[in-house]
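Below is one structure, written out as structure tokens, with a few remarks after it.
Values quoted throughout were computed directly from the atomic coordinates according to the rules given, and no laboratory measurement underlies them. Worth saying up front: this structure is predicted, and the values here are computed from it rather than measured. No Cβ is skipped: glycine too gets one built from the backbone with ideal geometry, and neighbour counts run over all protein chains shown.
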């Protein structure tokens, strides 16, 4: 089948509009005085108003995985197992209430700042590695989703679709960084609303689509009581796993006040759950449509292609021009997620790894160049993974679990548990990693070496192992920190006592007392 020229032209126009908006936003909004250049690059000079903040928060959340994944889950598993929209809704509200105001009030640049302040460089490198894996695998998975969508509607090769979309996103992100990302998110969100909003009436009124009420039992799904534990585990992971991502905190930290940070988080939660409705309806349509009259001949679910539910519904049950506009919505959604991910990872590397560990005396100009190069490197990594790794989605699921199990306890303790320290953080990191990796991952054909209660060969892990691992990691950080605190205080006390005996209460004792009075500034015993 020949390439759909009209679709290709529309897609290129969409990309061109987004790139131009990104470049113009960077030129018009970049400040000459008043803020550091790195602060502009990472958090847009903390000058994003609340309306733009809500747009960029919503666009980042309502990404390609969110839109495609919701339709897929509705069609294959039913609404009761479609946890992402509702989990993300509750996660953003929780993040806004618990973290947003506090993080913005401290004027952090990245999510890793409080972790680095409390636990030091070693822990930051470990946590950054986990977050980088999450961002790269997430970006790769949505690039694959976009590539397959383009191959269905426009009929261009998968590799060309992935590389061209990646290049466009990396280009405007490198040029304007957070300023460009925030304002292109507005355009991308408009594309998403128009594309899905226009497609929906055509889909619902197509002659080959019956009433979704007739198949309500299928697309709503049935809750299996025996699966209560895994359901709760996934829901908790979805809620709290929404929070510890730099893409989220980058928006929280870019607005003008702590109050605005909370507002955009809560408003973004409501906007995101509303924008899940078109995908839910499209997923429902896939269960009631007569697929025998389509080019597929059978439903995507029957063909084991449920991940393609949304693009196939648009392609088969809307006019060609409507499907192309709907594809523009998918493309915009992917770009809005990708730019956030690659900017987030590069910002953490530049601010927390390069400037605070590798080159502490680096100038802002040097750091800005490193930031730009980092954006390119992360984008290239994600693109290569999407092209050459056949199990991208499985890697993303594992990385997202690791972020929930490891990064969340580290962030929570750094922000709220004042007596946590580096010993507890490292131990908690290791314990959480072992507990999660030990559970295995079926999507990667990774067999478990820890068989939790209720494990079976056929059903796999039935125990809420994600939540369990996260809680144990958190408790480990606190308990080991408290224990190491007691040990350090005991050693310090004995050291001072022995010095006093040796010196006979003279000058040496005064020196040890002075050392003791400043010991609270040592990073290993700072509480």
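The Kirkwood radius of the stretch 299-348, taken over pairs of alpha-carbon atoms, gives through the Stokes-Einstein law at 20 °C and 1.002 mPa s a diffusion coefficient of 170 µm² s⁻¹. For the chain, the longest principal axis of the alpha carbon atoms and the long axis of helix 50-61 meet at an angle near 70°. Over the chain, DSSP H runs of length four or greater, each weighted -39,500 (n - 2.57), average out per residue to a 222 nm ellipticity of -23000 deg cm²/dmol. Only one of the listed values, [x] 98, 60, 40; [y] 65, 65, 46; [z] 103, 62, 49, was derived from the coordinates as Cα extents along the principal axes in Å; which label is it? Entry [x].
Annotation: for a label point projected 7 angstrom from Cα along Cα→Cβ of residue 224, residues of the stretch 63-79 with backbone N closer than 15 Å are 76-79. Once the Cα atoms are used to define both axes, helix 392-402 deviates from the longest principal axis of the chain by about 30 degrees.
Extension gain, residue 257 to residue 117: 0.36 nm times the residue separation minus the Cα-Cα distance gives 48.2 nm.
How far is helix 258-274 tilted off the main Cα axis of the chain, in degrees rounded to 10, range 0 to 90? Once rounded, the angle reads 30 degrees.
With both labels modelled 7 Å from their Cα along Cα-to-Cβ, the residue 211 to residue 445 distance reads 4.6 nm. With viscosity 0.692 mPa s and temperature 37 °C, the Kirkwood radius over alpha carbon pairs of the stretch 324-391 converts through Stokes-Einstein to a diffusion coefficient of 243 µm²/s. The modelled label-to-label distance for the pair residue 5/residue 50, using points 7 Å beyond Cα in the direction of Cβ, is 5.1 nm. Label point of residue 295 set 7 angstrom out along Cα-Cβ; within the stretch 133-164, amide nitrogens under 14 Å from it belong to 149-157. Once the chain from residue 232 to residue 456 is taken as fully extended at 0.36 nm per residue, the excess over their C-alpha distance is 78.8 nm.
Between residue 419 and residue 277, the distance separating the two model label sites (each 7 Å from Cα on the Cα→Cβ line) works out to 5.0 nm.
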